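Just so you know, all these numbers are worked out from the coordinates, no wet-lab data involved. All figures in this text were calculated on a predicted structure; none of them were measured in a lab. A quick note on method: Cβ atoms are made from the backbone with ideal geometry, for glycine too, and the neighbour counts reach across all protein chains shown.
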């Protein structure tokens, strides 16, 4: 698995509950741009459009060697999932108010671009402060145990 892009802020802003692996419907110049290693999924999210799940606001910059046949950098990209997974995601978004957040964009063993999606629940400000305090305490505790032997 070769990582192309990662959404590191997702763990800070959301409680990530369940993950799914999805394929992406890409054009040729998008694949070439990804092979160069340029992509940004930090501000992106997945949304329900009809009976499909679509990746919105992901940035794959135009391929440098393509001319007029280049792609639009922030276009909506259809995600390829199994029907049962789509139904589960649609139900969670509509009934429970969850959000579908992309966490990683990577190449799998076969050389196909895959996107790891997480079903997430938004964090409040006090949750973020608590998570920061817990992380600091764990770091201090590890430092104390290491120093004491």
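Shown here: Rg/Rh (Cα atoms, Kirkwood Rh), derived from the displayed model; of the candidates [x] 0.97; [y] 0.92; [z] 1.07, it corresponds to [z]. Taking each residue as 0.36 nm, the span from residue 49 to residue 125 lengthens on full extension beyond its C-alpha to C-alpha distance by 24.4 nm. Between residue 148 and residue 2, the contour length at 0.36 nm per residue exceeds the alpha carbon distance by 48.6 nm. As a length-normalised measure over Cα pairs under 8 Å and 6 or more apart, the relative contact order of the chain settles at 32 percent. With both labels modelled 7 Å from their Cα along Cα-to-Cβ, the residue 96 to residue 135 distance reads 2.4 nm. Normalised by 2.2 N^0.38 Å, with N the number of residues, the alpha-carbon radius of gyration of region 1-70 equals 1.25. Helical content of the chain, expressed as a calculated mean residue ellipticity at 222 nm, amounts to -11000 deg cm²/dmol (DSSP H runs of 4 or more residues, -39,500 (n - 2.57) each, divided by residue number, nearest 500).
Among 76, 71, 82, which comes first, second and so on when ranked by fewest other beta-carbon atoms within 10 Å? Write out the running numbers ahead of the final one.
On the way: 76 14, 71 20, 82 10.
Placing the least packed residue first, the sequence is 82, 76, 71.
Compute the long axis of helix 83-96 from its Cα atoms, compare it with the longest principal axis of the Cα atoms of the chain, and write down the angle in degrees, 0 to 90, nearest 10. Around 50 degrees separate the two axes. For residue 67 and residue 16, the difference between the fully extended length at 0.36 nm per residue and the C-alpha to C-alpha distance is 14.4 nm.
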